[in-house]
Amino acid sequence: MEHPRYEVEEGINGCLLIKDTYNCDLTSLTKHALAFLEQQSCNQNMSRTLIVTDINGDETVCEMFYTTIQKIIHNQSVNSIIFIGKELCSQSQIFDIQNKKFFPTTDAFLDSGVISTLKNEAILLKIAPDFDLERILSHLQLLVHDTVLETNFDALFHNIDYYRSKLRKTTKLMCMLKASAYGSGSVEVSRALQYHKCDYLAVAYVNEGVELRQAGIVMPIMVLNPTPTVLHQMFSYNLEPEVCSFRMLKKILEEANQKNLKDYPIHIKIDSGMHRAGFEYDDLDKLIDLLKSQSQLKVVSIFSHLAASEDPDMDDFTIEQIEKFNRCAEKIKQSLGYSVMKHILNSSGIERFPDYQFDMVRLGIGLWGINCQNRHLMRNVCTLKTKIIQIKKVKAGETVGYNRKGKITEDSLIALLPIGYADGINRRLGNGVGNVLYKGQKLPIVGNICMDLMMVNITGTDAQEGDEVTFFGDNQTISDIAALQGTIPYEVLTSIAPRVRRVYYRY
């Protein structure tokens, strides 16, 4: 049985586009698609618009469809509706909503100029096949590109729930959204996490937190690397800084004093042995004296970072880190005299050291089902896809691509893909090192990967121009790609360029 699928991506003029691709199920509009609309538009003051077309069916089916739309209007699930199709136009009098527009055809809608008036709206599209969804989308999408990074929110929620199963009910969950949510898109992912009741978010820089606040995210947000030049924005957008040095603490204190703030939340970073950032044990007396001498700032958490929690050979060092962190955190807590959260576990730490979850844990790459102890229990979240744009017959003895690196030893069919190193594909994967998948079959990359293009050998397949191929996903994972290019999954994900379309979906 086909499952309903709901996709969201960025649209023009600050809009969100939510596509209901399951056109046979009329009830999906109320049961599923509208919930997805609410998830993505909550706390943003976005107007909600439904674009809906005629459907194929007899009189009874059409009456059910009209009733569904009337329920949506009655429940005030949307603010306006755009109707497309002669049947809907003929029933215009039954739809009791103030903001409504009717167009007999797709052409009439696209030629009307209405699209240019859609601004800062969450737009739900329920478009029947006869009305050319892709053509309508091409006028509404911010990025029109055959190369797409898809993020499966159901898989994301599954992975979160897996990690939550390792935690006490009282343990809070902080989700890491550095580097645009590891390349997936921090705004859309943060909306999903807020909807899924996570407790905290963390970003690397103040501007990343500002972007989330401007998108309507109200959850607490910790900033891992605040800098003195943007502290005014940090306070303006109620972002909570990591404090790892006396210099930064004094800068934050000065800014808070100028703004006459009291008990502004901060997070104290302890260097427990990684030696990257944080206060050491010998700093604590001075740190405590400084914290107790003021009232502008209040410590809400004390935390540290594990250097090798995923490596069993380093477990003695990990336990040593945890014990050192706990000694430091307890000394600060007892001296301050008020409740303070402690956290040190990352994704692999949650799995491997659950006895040390303290008050909160930080879930990062594990959100994407990567680098986990029980990978068979996790789900892949991100899939990178593109489409074949041209197929060429290349004879044996000829070459393909720059520097003639792609040597063809027998008559072959070579497909051209609109994806290259400017999209984040590492050039090390060229010349047969890497491949893409077509219907589960591996197609080797031929020659050097270009800036915007790559070539693959499709000989022996039924692949046609316009067919979809997958670079990474369920069957060829991000970890597989990382191994081929000699790096870690983090780099593969965060390298995907902004010009690649991001699409988010639920079933």
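Candidates in region 16-56 are the residues that are within 28 Å of E87 (Cα to Cα), assigned to a loop (DSSP other than H, G, I, E, B) and out of contact with any Pro (no Cβ under 7 Å at 6 or more places or on another chain); of these, the one that is modelled with the highest pLDDT is D54.
Matching residues to (1) assigned to a helix (DSSP H, G or I); (2) surrounded by fewer than 21 Cβ atoms within 10 Å (Cβ to Cβ):
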| position | (1), (2) |
| --- | --- |
| R327 | yes, yes |
| I332 | yes, yes |
| S335 | yes, yes |
| Y338 | no, yes |
| D355 | yes, yes |
| V361 | no, no |
| L367 | yes, no |
| I370 | no, no |
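Kindly indicate whether I419 is touching a residue at least 24 places away in the same chain (Cβ under 8 Å), buried (at least 17 other Cβ atoms within 10 Å of the Cβ), in a loop (DSSP other than H, G, I, E, B) and assigned by TED's automatic domain parsing to the domain that holds R502. Spelling it out, I419 is indeed touching a residue at least 24 places away in the same chain (Cβ under 8 Å), buried (at least 17 other Cβ atoms within 10 Å of the Cβ), in a loop (DSSP other than H, G, I, E, B) and assigned by TED's automatic domain parsing to the domain that holds R502.
Going by what's in this entry, would D289 be described as over 27 Å from I350 (Cα atoms), of a type in the set (D, E) and free of Cβ contacts under 8 Å to residues at least 24 places away in the same chain? It is true that D289 is over 27 Å from I350 (Cα atoms), of a type in the set (D, E) and free of Cβ contacts under 8 Å to residues at least 24 places away in the same chain.
Please indicate, with yes or no, whether at least one residue in region 422-433 is basic (K, R), touching a strand residue (DSSP E or B) at 6+ places or on another chain (Cβ under 8 Å) and either loosely packed, with under 15 Cβ neighbours inside 10 Å or closer than 24 Å to P489 by Cβ (or both). Looking through region 422-433, none of the residues is basic (K, R), touching a strand residue (DSSP E or B) at 6+ places or on another chain (Cβ under 8 Å) and either loosely packed, with under 15 Cβ neighbours inside 10 Å or closer than 24 Å to P489 by Cβ (or both). Checking the stated criteria, F102 turns out to be in contact with a Ser or Thr (Cβ under 6 Å, 6 or more places away or on another chain), free of Cβ contacts under 8 Å to residues at least 40 places away in the same chain and either within 19 Å of V8 (Cα to Cα) or surrounded by 15 or more Cβ atoms within 10 Å (Cβ to Cβ) (or both).
Across region 57-106, the qualifying residues are those that are acidic (D, E) and part of a helix (DSSP H, G or I), and the one among them that is nearest to A35 (Cα to Cα) is E63.
Just so you know, in region 479-489 the residues that are part of a helix (DSSP H, G or I) and in contact with a Gly (Cβ under 9 Å, 6 or more places away or on another chain) include one that is surrounded by the most Cβ atoms within 10 Å (Cβ to Cβ), and it is I481.
Quick grid of which residues meet (1) part of a helix (DSSP H, G or I); (2) more than 23 Å from I391 (Cβ to Cβ); (3) at pLDDT below 95:
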residue: L443; (1), (2), (3): no, no, no
residue: I449; (1), (2), (3): no, no, no
residue: V492; (1), (2), (3): yes, yes, no
residue: Y505; (1), (2), (3): no, yes, yes
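The criterion of at least 1 residues that are crowded, with 17+ Cβ neighbours inside 10 Å, touching a Pro at 6+ places or on another chain (Cβ under 7 Å) and not charged (D, E, K, R) is met by the following strands (runs of 3 or more DSSP E) wholly inside region 120-212: 200-203.
The values are calculated or read from the model by the stated rules, or taken from the named source; none is laboratory data. In this text, all values refer to a predicted model and were calculated from it rather than measured experimentally. Methodologically, a virtual Cβ is constructed for each residue, glycine included, from the backbone with ideal geometry; neighbour enumeration extends over all protein chains shown.
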